[in-house]
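Notes to accompany the following structure.
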Amino acid sequence: MDVLPALRDGSVTLPHSWNIGRLHDFMGVGWYFRTFDTPTHDPLSHVQLHFGATFYQSRVWLNGVPLGSHEGGFTAYAFDITPQLRDRNFLAVRIDNRPGIATIPGYGRAARPSPGTTGGLMVALSAMSG
């Protein structure tokens, strides 16, 4: 399995795309890890983890618990993380941008996705009442 070398070697600032810069043509699996403290919120509210976009297949864990997965390159999605929250949290996100005829619409017509459109992650936390 091809694993993104830059994310093993250092940190990035979100939002981030690994297809900008020296790894612009990397195709494979990238991992993002982040620790964070639970934001102050009303105990009766739900805390959601929002992803602005991940390209193309992602799997997400919080504190070792699988939250879910998403397939798509330019669509936002979110998970209710209220049950998994601790005072200190560990987030892990696996992103696979390897193209395939069965996974990326239109891939069969192109040699490869254009640089800057593959890989990447944007994350935000928000508390919602109700």
Practice problem: Indicate the gyration tensor shape class of region 37-100 (rounded, prolate or oblate), computed on the Cα atoms with a ≥ b ≥ c the square roots of the eigenvalues: a/c under 1.5 is rounded; otherwise a/b larger than b/c is prolate and the rest oblate. | Solution: prolate
Self-check item: Extension gain (nm, one decimal) between Asp87 and Ser69, 0.36 nm per residue minus Cα-Cα
Solution: 4.1 nm
Quiz item: Just in region 42-108: which chymotrypsin sites (Phe, Trp or Tyr not before Pro) are loop by DSSP and have at most 16 other Cβ atoms within 10 Å?
Solution: Phe74
Self-check item: Potential lengthening between Thr103 and His50 on full extension [0.36 nm per residue; Cα-Cα distance subtracted]
Solution: 16.8 nm
Quiz item: What ranking do Ser11, Ser17 get, fewest neighbouring Cβ atoms within 10 angstrom at the top?
Solution: Ser11, Ser17
Self-check item: Neighbour cut-off at most 11 other Cβ (10 Å), DSSP loop, trypsin sites (Lys or Arg not before Pro), region 1-104
Solution: Arg22, Arg86
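Where a number appears in this text, it was derived from the coordinates with a stated rule and is not lab data. Since the model is a prediction, treat every value here as computed from it, not as a measurement. Here the Cβ is made from the backbone with ideal geometry for all residues, glycine too, and neighbour counts use every protein chain on show.
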